[in-house]
Amino acid sequence: MATSAHTPPVAPVPAELDAAMLRRAFGAYPTGVVAVGALRGTEPVGFAASSFVSISLEPPMVAVSVARTSATWPRLAEASVLGLSVLSHGQGTLCRRLASRDGDRFEGVAWRATPEGAVLIEDAALWLTARVSAVYDGGDHEIVLLELLTAELFSGVEPLVFHTSQFRELIPHG
């Protein structure tokens, strides 16, 4: 194995990583926003999550992180099928409503339910349906591994991008 005579400098590690600093640091990484929803009885229940990631093509899997303090996740965790809607550019107000702890999150929202009870948001960039495969400890969050059942991509619909606590527009490069 080859070795290098040059050792790159090591950045100092802060003695403490406080929540405010970490929130700003993690906000430097742009993400999409996903609405997760299902019917509970006849009413839609859901929330917005920016901690969403593809995991596997074979089998098709994604993951979402959910705060342990969420009052909504326990209501969704038992659903047989969840809807995941990748929100589109222009749905920032809707995203903030779905992330709110107060009020009717679905008031005035165009949505549809699948026969299995997954809730999907109209005008999204992508619809997925999934079932919970596993839940893992993620510190102050739970990491929910989801097995994908269906996918419907809406070509030409730009996704909502969240970066530094603001919604942004994608601009093609080159």
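Scan segment 33-56 and report the pairs whose first residue is free of Cβ contacts under 8 Å to residues at least 40 places away in the same chain and more than 16 Å from Glu142 (Cβ to Cβ) and whose second residue is crowded, with 16+ Cβ neighbours inside 10 Å and of a type outside the set (Ser, Thr, Tyr), with Cβ atoms within less than 7 Å and a gap of 6+ or a chain change.
Filtered contacts from segment 33-56: Ser54/Val62.
What number of residues within segment 88-108 satisfy the criterion of being surrounded by fewer than 20 Cβ atoms within 10 Å (Cβ to Cβ), part of a loop (DSSP other than H, G, I, E, B) and not hydroxyl-bearing (Ser, Thr, Tyr)?
Summing the residues that are surrounded by fewer than 20 Cβ atoms within 10 Å (Cβ to Cβ), part of a loop (DSSP other than H, G, I, E, B) and not hydroxyl-bearing (Ser, Thr, Tyr) in segment 88-108 gives 9.
In a loop (DSSP other than H, G, I, E, B) and at pLDDT 95 or above, is that true of Glu116?
Considered against the rule, which asks whether it is in a loop (DSSP other than H, G, I, E, B) and at pLDDT 95 or above, Glu116 comes out as yes.
Residues are listed down the side, and each one gets a yes or a no for (1) in contact with a helix residue (DSSP H, G or I) (Cβ under 7 Å, 6 or more places away or on another chain); (2) outside any strand (DSSP E or B); (3) surrounded by fewer than 18 Cβ atoms within 10 Å (Cβ to Cβ):
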residue	(1), (2), (3)
Val36	yes, no, no
Val45	yes, no, no
Ile55	no, no, yes
Ser70	no, yes, yes
Arg112	no, no, yes
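Would you pick out the residues in segment 93-122 that are within 22 Å of Ser54 (Cα to Cα) and in contact (Cβ under 8 Å) with a residue 60 or more places away in the chain?
Cys95, Leu98, Ala118, Val119, Leu120, Ile121
Looking only at segment 145-174, filter to residues that are in a loop (DSSP other than H, G, I, E, B) and polar (S, T, N, Q); which one of those is surrounded by the most Cβ atoms within 10 Å (Cβ to Cβ)?
The selected residue is Thr164.
Could you count how many residues in segment 122-144 are modelled with pLDDT of 95 or more and either in a loop (DSSP other than H, G, I, E, B) or hydrophobic (A, V, I, L, M, F, W, C) (or both)?
Qualifying residue count, segment 122-144: 13.
Out of all the residues in segment 76-95, is one or more of a type in the set (Asp, Glu) and at pLDDT 95 or above?
No, there is no match, as no residue in segment 76-95 is of a type in the set (Asp, Glu) and at pLDDT 95 or above.
Check segment 36-47 and report whether any residue there is within 10 Å of the chain's Cα centre (by Cα) and more than 18 Å from Leu148 (Cα to Cα).
yes
A quick yes/no check of all residues on (1) of a type outside the set (Ser, Thr, Tyr); (2) farther than 28 Å from Ile171 by Cα:
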site	(1), (2)
Thr31	no, no
Ala35	yes, no
Leu39	yes, yes
Val45	yes, yes
Ser56	no, no
Ser88	no, no
Thr93	no, no
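Based on what the data block shows, is Phe154 of a type in the set (Phe, Trp, Tyr), touching a strand residue (DSSP E or B) at 6+ places or on another chain (Cβ under 8 Å), closer than 15 Å to Leu94 by Cα and in contact (Cβ under 8 Å) with a residue 12 or more places away in the chain?
no
The values are calculated or read from the model by the stated rules, or taken from the named source; none is laboratory data. This one's a predicted model, so the numbers in the text were calculated from it and none came from an experiment. Cβ: placed from backbone, ideal geometry, glycine included. Neighbour counts: every protein chain shown.
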